[in-house]
Amino acid sequence: MCIRDRLGMHVGDEEKAEMVSLWRRHARACGRPAREIHRADHVSAGVCQIADRRTDAAETLLKAMPGWLRQGLEAHVTVDGRQRQMRDPLAYTELLCGLHPVGTPRLCADRLAATSERTGISRFALLVEGSGDLAATEENVRRLGAEVLPQLT
C-alpha cells in the first residue's frame with residue numbers, strides 16, 4: 001500500500017520534515033505497520049526552472065508567474081466566507097524561486113537531493129510550465145530529464 005501526502009510549495013525543508021514526522025507519529029498511533037510507515041511515499045509540490053544561470057531561470061518565472069498567480073489568488077474564496085488578504089504574487093514567486101530547484105542543472109539537482117535528505121520526501125510534483133510558453137516548457141522538461149535527473153541517480 002502506498003500512502004502519499006502533499007506538501008505545499010510555500011514551505012521550506014524544515015516544515016516539510018516536521019509534516020513527514022507528524023504523519024509518521026499519527027500513522028504509528030493509528031496502528032499502521034512499521035514497514036508501511038517506512039515505505040510510504042511523500043510528495044512535495046514545487047516549481048522547477050532550469051537555465052545556464054540561476055538569475056536567468058528566476059527571471060523567466062518572475063516575468064510570467066506573478067500574472068497568472070494574481071488571477072488565481074484573486075479568485076480564491078474561503079470555504080467559511082472569511083475575508084483573507086491576498087498574497088503578493090511577485091513576492092510569492094520570489095519565495096518559490098528561493099525554495100525550489102530554480103537555476104542551473106547542478107543547483108536544481110542539489111536542491112532536490114538536499115530536500116529529499118532533510119525531509120525523507122522521495123517524490124516531487126514539479127511545475128515546469130512556469131514560463132507560460134510551450135516551447136520554453138518543452139525545453140525545461142528536456143533539460144530536467146537530460147541534465148538534472150541523471151545527477152540524482
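Read-outs: derived from the displayed coordinates by stated rules, not from any lab. Computed from a predicted structure; not experimentally measured. Positions of Cβ are generated from backbone atoms using ideal geometry, with glycine treated the same way; all protein chains shown enter the neighbour counts.
If R0 equals 25 Å, the separation of the Cβ atoms of GLU14 and GLU59 corresponds to a calculated FRET efficiency of about 0.35.
Pick out, from ALA91, PRO101, MET9, the residue whose Cα sits farthest towards the positive end of the charge dipole of the chain, with +1 on the Cβ of Lys and Arg and -1 on the Cβ of Asp and Glu. Farthest along the dipole direction, towards plus: MET9.
Working ranking of peptides 98-106, 36-44 by packing, defined as the average number of other Cβ atoms within 10 Å per residue, highest first, is 98-106, 36-44. The peptide list 23-34, 126-137, put in order of mean Cβ contacts within 10 Å with the highest first, becomes 126-137, 23-34. Between the amide H of PHE124 and those of SER44, distances stay under 5 Å, these residues lying 5 or more places away or on another chain, with hydrogens modeled in the peptide plane. Estimate the FRET efficiency between LEU22 and THR137 by the formula 1/(1 + (r/R0)^6), using the beta-carbon distance for r and 35 Å for R0, to the nearest 0.05. So the FRET efficiency works out to roughly 0.55.
Can you work out the PRE-style zone for ARG32? Point 7 Å along Cα to Cβ, and I want the residues of the range 97-128 with backbone N under 17 Å. In the range 97-128, the label zone of ARG32 (backbone N under 17 Å from the point 7 Å along Cα→Cβ) covers 119-124.
Net length available on complete extension from GLN71 to LEU149 is 24.9 nm, with 0.36 nm assigned per residue and the Cα-Cα distance removed.
Note: relative contact order over the range 1-129, using C-alpha pairs below 8 Å and six or more positions apart, is 38 percent.
Working note: Karplus 6.51/-1.76/1.60 with θ = phi - 60° gives the range 104-109 the couplings 6, x, 5, 4, 4, 4 Hz, where Gly and Pro are set to x.
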